[in-house]
Every structure is written in structure tokens, then in C-alpha cells.
């Protein structure tokens, strides 16, 4: 798979119903992890890292919404071309407002976009 496909898959399965800025922020998390020494190198390695993105915990699901997939590809391409379009820089983690993961208290809250809360390491 290419970086574009892997990043689009994260966007699609994690944030397809969110506004475009939230989709870009989710993509930004993947790119921040790629840039970090604490995660694997490469978009696909980060995207498919075991138990990191809940959409892939049981394998790669099927894409069922062609319009949302096209949007995910567009957003992925934009973020890959210009990481500055990510509205929340520095985030390496996120979760939706519906959950309260144990790990959130160990990271610095950076902001919210759509129904996603974003966190980065304390500096």
C-alpha cells in the first residue's frame, strides 16, 4: 500500500463523518508519529501498528462509502503535500468525546476538532 492509501484509510475509518479540519487533524497525528522516534517509520507502518488505531484492531475493514473514501483520499493528499493544513500541530494521540481513555492524563491536551480531542507529549 502507498502512504496515500494508508493515510486515507485512517481518515476514513477514524473520522469520515467529521468536518474536514478534524479529518486533517487525525491525518496529522499519523504524520507526527512518523516523525517521532517513538513510533515506526512510514505512514503505513504507523497506520497499521498493532492496537494504535481502533478501526484496525481486528484487521482492515471494508470501505462502504465511496464518497467518504474520495474525501479521505483528498484530505490525505492535502496533508501529505502540506502538513501545515493540519489544524492541531504536535498531536500524537486523539480520542473521541465519547470515551475517556486512561492514557489521556499522561499527555498535554492540544485542542478539539469535531468530536476528536487531540494530545501531544509534555515538553
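All conditions but one from (1) in contact (Cβ under 8 Å) with a residue 24 or more places away in the chain; (2) over 12 Å from the mean Cα position of the chain (by Cα); (3) part of a helix (DSSP H, G or I) apply to residue 45; the one that does not is (1).
Residues being more than 20 Å from residue 84 (Cα to Cα), surrounded by 15 or more Cβ atoms within 10 Å (Cβ to Cβ) and touching a helix residue (DSSP H, G or I) at 6+ places or on another chain (Cβ under 6 Å) are entirely absent from the range 25-34. The residues on offer are 26, 34, and the sole one that is assigned to a helix (DSSP H, G or I), within 14 Å of the chain's Cα centre (by Cα) and within 24 Å of residue 97 (Cα to Cα) is 26.
Here, each number is a calculation from the coordinates, and none is a lab measurement. These figures come from a predicted structure and were not determined experimentally. Heads up, the Cβs are rebuilt from the backbone with ideal geometry, glycines too, and the neighbour counts pull from every protein chain shown.
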